[in-house]
1. Just give me the residues in the stretch 251-273 being surrounded by fewer than 21 Cβ atoms within 10 Å (Cβ to Cβ) and either assigned to a strand (DSSP E or B) or within 12 Å of the ligand (Cβ to nearest atom) (or both), in sequence order.
2. Does Glu8 count as modelled with pLDDT of 95 or more and among the charged types (D, E, K, R)?
3. For the stretch 1-104, give me every one of the strands (runs of 3 or more DSSP E) that falls completely inside it and has 1 or more residues that are of a type in the set (Gly, Ala, Ser) and more than 13 Å from the chain's Cα centre (by Cα).
4. Out of the residues in the stretch 279-293 that are in contact with a strand residue (DSSP E or B) (Cβ under 7 Å, 6 or more places away or on another chain) and closer than 17 Å to Arg170 by Cβ, state the one that is farthest from the ligand (Cβ to nearest atom).
5. Of these, Leu185, Leu167, which one is within 11 Å of the ligand (Cβ to nearest atom) and either in contact (Cβ under 8 Å) with a residue 60 or more places away in the chain or under 19 Å from the mean Cα position of the chain (by Cα) (or both)?
6. Out of Ala282, Ala354, which single residue is of a type in the set (A, V, I, L, M), part of a helix (DSSP H, G or I) and without any contact (Cβ under 8 Å) to a residue 12 or more places away in the chain?
7. Among the residues of the stretch 266-303, count how many are touching a helix residue (DSSP H, G or I) at 6+ places or on another chain (Cβ under 9 Å), among the polar types (S, T, N, Q) and over 14 Å from Thr200 (Cβ atoms).
8. Considering each residue of the stretch 357-392, count those that are part of a loop (DSSP other than H, G, I, E, B), modelled with pLDDT of 95 or more and among the hydroxyl-bearing types (Ser, Thr, Tyr), and give that number.
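The values are calculated or read from the model by the stated rules, or taken from the named source; none is laboratory data. For clarity, every value in this text was computed on a predicted model and none was experimentally measured. Here the Cβ is made from the backbone with ideal geometry for all residues, glycine too, and neighbour counts use every protein chain on show.
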Amino acid sequence: MAKQKHNENFNIIATTLSGLEEVLAAELRDLDMEYIKVGNRAVSCSGNLRQLYEANLWCRTAIRILKPIKNFKARDEKDLYEQVQKINWADIFDLEQTFAIDAVVSHSTFEHSLFVAQLTKDAIVDQFRKKTGERPSVDRIRPDFRINLHMHENMVTLSLDSSGDSLHRRGYRLQTNVAPLNEVLAAGIVALSGWDKKSTFIDPMCGSGTFLIEAAMMAQNMAPGLFRRDPFGFENWKDYNEQLFEMVWNTAEAKERKTPQAEIIGYDIDPDYIEAARTNIANAGLQDVIKIEEANFFETNAPAEQGVLVMNPPYNERIQSDDINLLYKNIGDTLKNNYQGFDAFVFTGNLEAAKSIGLRTSRRTPLYNGPIDCRLLKYELYRGSRRSGGEE
Ligand SMILES: C[S@@+](CC[C@H](N)C(=O)[O-])C[C@H]1O[C@@H](n2cnc3c(N)ncnc32)[C@H](O)[C@@H]1O
């Protein structure tokens, strides 16, 4: 692979979660990427090496930033094997580096992504062995080099993964005893809420604090990649430009706003969650920006005339249906009576229980939380006579 000059443009594909493609496209636009095209759980664009580094550091809704190196059609196993061998892999990574293949296969005559990954790995390993008598090792957990294979209807895109470990693992969250929201999903939801990063932001069922931290990072203009402990994938590439990355890193650090930009408040009824949130907030260095308090949402009042409220109430099936319906009814009543003037967003996977909120939604955005089909429901809570009172 020829060394990439840092001002030369190349194709970049940023992957994301379903429903966040437009948010990610806007983030890439902010980085001055060109030829931005929105796809399915991915956005493609064109940019240079500096922008590739910036995308890894700054994109809040990207899972991975990929650099495609080859597109081809694979009718059968032989085709796939031969096409992969057409790349000179020793130009891309060294024998001593460990590697892994992430394969995603859809609507193809190849049915199993694991099989496709295995075949690709064999083609690479065989090439090294033939040339040197030795083979590089595979490390599925922490490889030095990740290769991404995307196959759709037998059309293959092979890419180098510049992120390495998934970008949702920001590094501020050390608590593992709770099941928190994916950081990319949380950041996407805050962006979809349209919050202006100045008015009051509240998550009254904050759990481990993911919405609060993602919102605060946006308000303070903190790059989410700055918390990362493990190296990015591109740091192991042959064209890694350390000086350039240092410049991108230092510029990002300098852009952080130090004084709190907005009132950001979290409540939770469970003291263990509050403790977990406190630890995470401190890890992110946001203890002066976010206020959290142990409180029952149903006993709280809006802390300001207007603002944005985002919440992810419990929705798992373990809760008895009577209780869950009552919980959602109480959410609706509290919003209607105590949070007039706010735009409220309820993110839930329990669409049945959500009906008990009893307020008219002004927007319903489909999203997934892992495999769970979810909705982000928007309620505009008008004051006085303009109050929305209709059923869903
Ligand atoms: C699904 S979790 C939220 C997870 C959170 N988004 C995160 O990323 O960690 C729901 C939270 O609602 C809290 N909760 C339930 N009922 C509550 C109430 N009446 N007032 C405040 N918090 C409540 C639970 O303790 C739990 O932490």
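1. Of everything in the stretch 251-273, those that are surrounded by fewer than 21 Cβ atoms within 10 Å (Cβ to Cβ) and either assigned to a strand (DSSP E or B) or within 12 Å of the ligand (Cβ to nearest atom) (or both) turn out to be Ile269, Asp270, Pro271, Asp272.
2. no
3. Once the strands (runs of 3 or more DSSP E) in the stretch 1-104 are filtered for at least 1 residues that are of a type in the set (Gly, Ala, Ser) and more than 13 Å from the chain's Cα centre (by Cα), what remains is 42-47.
4. Looking at the filtered set, the residue picked out is Val289.
5. Details: Leu167 fails: within 11 Å of the ligand (Cβ to nearest atom).
Answer to the check: Leu185.
6. Checking each option against the conditions leaves just Ala282.
7. So the count comes out to 3.
8. Residues of the stretch 357-392 part of a loop (DSSP other than H, G, I, E, B): 358-362, 370-371, 381-383, 387-392.
With the extra rule that they be modelled with pLDDT of 95 or more, the set shrinks to 358-362, 381.
Pick out the ones that are also among the hydroxyl-bearing types (Ser, Thr, Tyr) and you get 361-362.
Adding up the residues that qualify gives 2.
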